[in-house]
1. Sort out for me the helices (runs of 4 or more DSSP H) sitting completely within segment B:353-458 that have 2 or more residues that are within 14 Å of chain A (Cβ to nearest Cβ).
2. Name the residue, out of A:Ala274, A:Ala233, that is touching a residue at least 12 places away in the same chain (Cβ under 8 Å), among the hydrophobic types (A, V, I, L, M, F, W, C) and in a helix (DSSP H, G or I).
3. Given the conditions (1) among the basic types (Lys, Arg); (2) touching a His at 6+ places or on another chain (Cβ under 9 Å); (3) without any contact (Cβ under 8 Å) to a residue 60 or more places away in the chain, and given that A:Lys105 satisfies all but one, which numbered condition is not satisfied?
4. Could you tell me which numbered condition A:Thr8 fails, if it satisfies all but one of (1) farther than 27 Å from A:Phe280 by Cβ; (2) in contact with a Pro (Cβ under 9 Å, 6 or more places away or on another chain); (3) part of a loop (DSSP other than H, G, I, E, B)?
5. Can you find a residue that is of a type in the set (A, V, I, L, M), surrounded by fewer than 19 Cβ atoms within 10 Å (Cβ to Cβ) and more than 14 Å from the chain's Cα centre (by Cα) anywhere in segment A:218-233?
6. Considering each of A:Val14, A:Val19, A:Val58 in turn, give the residue that is surrounded by fewer than 22 Cβ atoms within 10 Å (Cβ to Cβ), in contact with a Leu (Cβ under 7 Å, 6 or more places away or on another chain) and either at pLDDT 95 or above or at positive phi (or both).
7. I'd like to check something: does segment A:125-145 contain any residue that is within 13 Å of another protein chain (Cβ to nearest Cβ), in a loop (DSSP other than H, G, I, E, B) and buried (at least 23 other Cβ atoms within 10 Å of the Cβ)?
Amino acid sequence: MTMLQGNTGDWEMVIGLEVHAQVISEAKLFSGAATAFGAEPNTQVSLVDAAMPGMLPVINRVAVEQAVRTGLGLKAEINLVSVFDRKNYFYPDLPQGYQISQFPKPIVGQGTLILDLAGGETREVGITRIHLEQDAGKSLHDQHPSNTFIDLNRSGVTLMEIVSEPDMRTPEEAGAYLRKLRSILRYLGTCDGNMEQGSLRCDANVSVRRAGDELGTRCEIKNVNSIRFVQQAIDYEARRQIELIEEGGTVDQETRLFDSGNGTTRSMRSKEEAHDYRYFPDPDLLPLEISQGFVEEIRASLPELPDAKKERFVSDYGLGTEDAGLLTAERATADFYEEVAKGRDSKLACNWVTGELFGVLNKSGLGIGDSPVSAAALGGLIDLIADGTLSGRLAKDVFEAMAETGKEASVVVEEKGLKQVSDSGAIEAEVDQVLQAYADKVAEYKGGKDKLFGFFVGQVMKATGGKANPGVVNEVLKKKLGG
Amino acid sequence: MSELNCLTMAQARDGLAKGDFTSVELTQAHIAALEASRELNAFVTETPEQALEAAKASDARRVSSNSGGGEAGSMEGLPIAIKDLFCTEGVLTTASSHILDGFTPQYESTVTANLWRAGAGMLGKTNLDEFAMGSATVTSYYGPTVNPWRRSGDDKKLVPGGSSGGSAAAVAARAALGATGTDTGGSIRQPASFCGIVGIKPTYGRCSRWGIVAFASSLDQAGPMTRTVRDGAIMLGAMAGHDARDSTSADREVPDFEAALEKGVKGLKVGIPEEYQMKGMSPELLALWDQGKAWLTAAGAEMVPVSLPHTKYALPTYYIVAPAEASSNLARYDGVRYGLREEGETLQEMYENTRGEGFGAEVTRRVLIGTYVLSAGYYDAYYLKAQKLRTLISRDFREAFDKVDVLLTPTAPSPAFAIGEKMDDPIAMYLNDVFTVPASLAGLPAASIPAGLSGDGLPLGLQLITHPFDEETMFRAARAVEDAAAFNAEPTLMAGDGS
């Protein structure tokens, strides 16, 4: 269902996203100042970042590498010559009075991103471009009754603006785009993807149209800081536009702000009020020229990316696409899985990771990196299932104990005496006792009530505290009842 | 003429080396000269204590170097003046603008740092047109600088040219052995011509722009202003060099410019651009130009007529490109972090009050022009077209330099004019740069050499332009002109000789 129902018929949403990703780099785009998050205000500011008179920008090589790496990760063309432009506007947290950005000649051109949708479906979204630019500082409006304070720590930090084609048709696709993009950026190590800290920020361009019509007028929704909010904002905005058009109005091209308090968007500035940024090539910087060799060096150092990994998980481990997608969304999860699966039943490993482990992590709100059960420990547990020491049911109890205590499976088994009993002599004794206790049921069974077999198994398991090997129990029971 | 402040830089250097006098004595003589010439308003800030301290340190270094403790720098012990566009650590830096009130940098520009490393000392910061925008040093917030020259029989105060007018006046009046200037469209060469001194704008990229208050980044270039070509060679050698902090700085060796001086011009081909012969040029200027050709011919060079067909577009191109860059470069003066702040009820008001109060009329005009030519709808018609013309102007020069080694032209269309003249006519003022702007747009090295006097006794300069990074040929030709001209006229107001 990709259409929205209006009063006069169906409407299609057209969505494009502009993502600002803070580049992982020790230093800023054009200065040597540090970039750590959460430092005391104005402690990570160089003379360049504060735009002191006569200061000049010098490009940071790492930032260029990271942009190229990101471009390659999105299968995009890399422009060996790109140009930095000045985007001019006044604001107190923009010390130069202009942002150094790239306008007509960005460092990265067209690329592709594959959305992973529900049910293992995929869909391609075009990447229009990626360019490098400086972040602005931060205005603090709540520190003084009448004055605004300025923190320039963020001023000059490297951002990549990653622009998509208007290829998405539902809020869910927009969400999938952001999750996938974040996943790729994290795989590449070019952005930590942390939306709460603002290292990944999203503007959404939304328009609506009748199926098959030309594109409608779009509105840009600024700076939405979570994937859920992006989806909410798009949904609200599309419905607002549909209502407007159906009531005989027209959509004005404008910039809107999302209010996460009530889930609505409101006008920030109209097209007429839009800034004239007076872009022109920054005369302090020569065109940025990189060599094909530089690009190839970076290409050679790229890690296996989520799409390739997912494909490999399907072909090498025999997993379904949805499971493979789940396991490869984060590099750490994929690595974890591979360690668990190494030399073991890969499907069993998948079930344990996506089932029990994800359950524990979700419940405790932990990431895979902080998992209370290590990959080696989970592997150890699976080994105990494989060698018959533990039944599946016992293994779940052991896992729970492992998650709580952080102990190895074998230690838990030892301490709690949870080891599976496979000794047929011991099981035979338990079976005899059960059959004796339920002589009436034995008679019924022998009279043809076959279903009672399960009841006997259950009783034996109960009597052994679940430790009896279910296979052996079955065997012994069959022998005794059949005899 | 025995006063120490009337020595050339080379003479002072040699005198110090021989021990004829100390740097402290040399510096004291210049401080006295500077004080005696205050009526010129050449300095925004005087730094005599700093100059003497540098001199003492230099004398101490010389003593130690004479006893084998390291070499003296190439400008060891020489007191100079610094255009107040260079940021100097701990010393007020104004760009002659109200908006930089009280701005004292915590850093030293690369060029001045290079000069101090070479052993020079700073006498003070010289006046300029506000943010280097002007051709007469009349737009300074600190008042106009007066040219030490007067027309014969006329006591009217004349402009020193601009924007490096304070530097030019200080050097002409013997209040400094030399001074730094910056040249964006002629701001070293034109005042040098007006004040009868040597002004050198090296190739764009030869001197670092780091720490120089920016006017138009793609054009700004620092250079020396001195009384002789040799002094210019000495001083440029100390100023120049690659700087990783300026992305447009050229990563090239700095040649020994002084060594090139006496190579002569025999066999050099000197181009005479026909387009520089403009309608309404004064006969005395044409005569001077012809004299220059004759001098160089006599010295063994060959005169070759060349054409620079896009010359007539240079001035309009410059007055689009430079204001465009300036409008953006000057956006940082917003009252938020340093300099002047005029409060307002709202942020917008604070901006308007600060910039309205802080910038003078000429700066405001150029910021407005620059904003206009970059605006949506005008960018293609103005800025983009100007960029294309700039490319064509550069190509003109390249093609000319296929045929010749150096170009000879006048520096400015007139001698110094009176303070107050042309002030209500920006176009007439802009025409001062007509001969200097083309080389600026092409980033070429160019020098102005005092070559003669106008009918009413004012200095006139000739300009020499060469290939990028071929300052050596420029110095050779400049030395030949200087030698032939034997320009020894002295300004009316000259400190230290009793006048």
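1. Those helices (runs of 4 or more DSSP H) span B:361-374, B:385-401, B:437-441.
2. Unique residue meeting the criteria: A:Ala233.
3. That leaves (3) as the condition not met.
4. Only one criterion is unmet by A:Thr8, namely (2).
5. The answer is no, given that none of the residues of segment A:218-233 is of a type in the set (A, V, I, L, M), surrounded by fewer than 19 Cβ atoms within 10 Å (Cβ to Cβ) and more than 14 Å from the chain's Cα centre (by Cα).
6. When all the criteria are applied, what remains is A:Val14.
7. yes
One line per residue, one yes/no per condition, for (1) under 29 Å from B:Asn5 (Cα atoms); (2) touching a Leu at 6+ places or on another chain (Cβ under 8 Å); (3) assigned by TED's automatic domain parsing to the domain that holds B:Ile212:
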position: B:Val229; (1), (2), (3): yes, yes, yes
position: B:Ala244; (1), (2), (3): no, no, yes
position: B:Val254; (1), (2), (3): yes, no, yes
position: B:Leu261; (1), (2), (3): yes, no, yes
position: B:Glu275; (1), (2), (3): no, yes, no
position: B:Leu285; (1), (2), (3): no, yes, no
position: B:Pro305; (1), (2), (3): no, no, no
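The values are calculated or read from the model by the stated rules, or taken from the named source; none is laboratory data. Just so we're clear, the structure is a prediction, and the values are computed from it rather than from any experiment. Positions of Cβ are generated from backbone atoms using ideal geometry, with glycine treated the same way; all protein chains shown enter the neighbour counts. Note: areas computed on protein heavy atoms with side chains; ligands, DNA, RNA excluded. Shrake-Rupley method; radii C 1.70, N 1.55, O 1.52, S 1.80 Å.
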